[in-house]
Each structure stands twice: as structure tokens, then as C-alpha cells.
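The values are calculated or read from the model by the stated rules, or taken from the named source; none is laboratory data. Owing to the predicted nature of the structure, the values given are computational and were not obtained by experimental measurement. Cβ sites come from the backbone with ideal geometry, for glycine too, and all protein chains shown count toward neighbours. Accessible surface is based on the protein model in full, side chains and every heavy atom, while ligands, DNA and RNA are left aside. Shrake-Rupley method; radii C 1.70, N 1.55, O 1.52, S 1.80 Å.
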Amino acid sequence: ESKILIVSLFKGPISFDIDGNAEVEFEMPDFNGAVRIMVSAFSGNRFGSVDTDVLVKAPVVTQLSLPRFASYGDQTEFTLDIQNTLEDTRNLTLNWTLSGALLYQPAQKTMMVKLAKDQKQVIRLPVIITRATGVADIQLQVRGKDINFTRQWSLGLRPAYPAQTYQKVEYLEPG
């Protein structure tokens, strides 16, 4: 199950200082990408507005590519893109927790990654699906110097075959 995050935040009327400056704070959700900041100002019979795009990115960006859905017994691969957006090299520890799926190589449950400034690495995780229906939950904890966050994804699980209905019609003799 893929989720797309749309960020839309609003602050009501705010006051400006004597120099015409204002400060507004927003608590951003876990989001990486461009956000548009739009400001409208008014006073008496004057009105103005301006907008600009701002790039928002985490110190370490992670994105997991999953199949759209899977079935019990499927052998598939999750692909993690991980990028260091900081100014220096980071040594990171990745801890995976999965329910509804198992890693082919248990040694991948905890792994160390060294990423230089702006370096991106692709990590492939072969898995086997162990649950018949519902959702496989995937959790990644990333730890390092001044870095400690957890990301979660889910994968919809469906039966390998559609449900089947059987009917039998018989004539019963009286008595």
C-alpha cells in the first residue's frame, strides 16, 4: 500500500514588527521535497502577496521501493535508496524489523553504511512473504552521529488465487 504525503499547512493572521518583518514557525511532518510558501498581506485598503518554493530535506533521506502487493510465499526484493545530505561523512547503523515477511539473509537485519557528503547508496533486500493476507509491516531505524529516526512502510498482502465458490444442485426425493 503506497502512501503519498501531501503537505498543506496554514497560519492565520499574524503581526509584523515595526520594520515590517514577521516570523512564522511550522511543525513539518516527515517530508522530503519542495514546498511552496505563500504569503498574503493586507492593511487598510492595500493588499499584496508573494510565493516561493523551498526545498525541504532530512539530513539522511530514505526511500523504500516495494512491489504494489504480494502473496504468501512470494520471493521479492525491497530496494532502499539512502542518501546523506549533510556536509560530512556519516557512519550509519540500519536496523530492520519486518512482520509478514522475512529477510533471505538474516545478516541484513542490522547493517552498517558509510555515506560521504551527498552520497547515495542503493541497498537491495531479498525477502520472502510469510503472511497470507493483510499487511506486511516494514520498519527501518537509522542511527548515527546526531541521527536517530525510524521510517515505516506497509505492503498489502493478497491471496495468490481468487476466492472460489462451489455450488452443487441436487434433486432430493420426498421422505
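Residues considered: I138, I129, I18. Largest GNM mean-square fluctuation over the chain, using C-alpha springs under 10 Å, is found at I18. Over the chain, the ratio between the Cα radius of gyration and 2.2 N^0.38 Å evaluates to 1.61. Figure legend: label point modelled 7 angstrom from the Cα of T97 along Cα→Cβ; residues of the range 121-154 with amide N under 13 Å from it are 137-142, 149-153.
Given springs between every Cα pair under 10 Å in a Gaussian network model of the chain, which of N45, N148, N32 has the largest fluctuation? Between N45, N148, N32, it is N45 that shows the largest mean-square fluctuation. Rounded to the nearest 0.05, the FRET efficiency derived from the C-beta distance between D51 and R158 at R0 = 41 Å is 0.45. Loop-located trypsin sites (Lys or Arg not before Pro) in the range 1-59 (DSSP state other than H, G, I, E, B) with a sparse environment of at most 11 neighbouring Cβ atoms within 10 Å: K3, K11.
Return the FRET efficiency for the residue pair S40, D17: r is the Cβ-Cβ distance, R0 is 22 Å, and the value is rounded to the nearest 0.05. Working shown, then result.
On the way: r = 18 Å, r/R0 = 0.82.
About 0.75, to the nearest 0.05.
Springs between Cα atoms under 10 Å define the GNM used for the chain, and in it the highest mean-square fluctuation of D30, D17, D137 occurs at D17. Give the lysines whose C-alpha is closer than 23 Å to that of K145, dropping any in the same chain fewer than 8 places away, or say none. Straight-line reach from K145, under 23 Å: K57, K109, K114, K117, K120.
Report, to the nearest whole %, how much of the accessible area of the range 1-154 belongs to carbon and sulfur atoms, 1.4 Å probe, protein only. Can you show the working numbers first?
Numbers: 5370 of 10690 Å².
On the range 1-154, the fraction of accessible area on carbon and sulfur atoms equals 50 percent.
Comparing Cα centroids, the range 74-120 and the range 1-61 end up 32 angstrom apart.
For chymotrypsin sites (Phe, Trp or Tyr not before Pro), the sites in the range 1-80 that DSSP calls loop and that have at most 10 other Cβ atoms within 10 Å are F10.
Computed on protein heavy atoms with a 1.4 Å probe, the accessible areas place L102, L66, L140 in the order L102, L66, L140, largest first. Diffusion coefficient (Stokes-Einstein, Kirkwood radius over C-alpha pairs, 4 °C, 1.567 mPa s) for the range 91-148: 101 µm²/s, rounded to a whole number. Applied to the range 31-39, the Karplus parametrisation 6.51 cos²θ - 1.76 cosθ + 1.60 on θ = phi - 60° returns per-residue 3J(HN,Hα) values of 8, 10, x, 8, 10, 9, 9, 10, 10 Hz, with x for Gly and Pro.
Annotation for the range 97-175: trypsin sites (Lys or Arg not before Pro) lying in DSSP loop with at most 11 further Cβ atoms inside 10 Å of their Cβ are K117, K145, K168.
Calculated on the alpha-carbon coordinates, the convex hull of the range 126-168 measures out at 74 cubic angstrom per residue.
For the chain, with every protein chain kept in place, what is the accessible area per residue (1.4 Å probe, Å²)?
I get 75 Å² per residue for this part.
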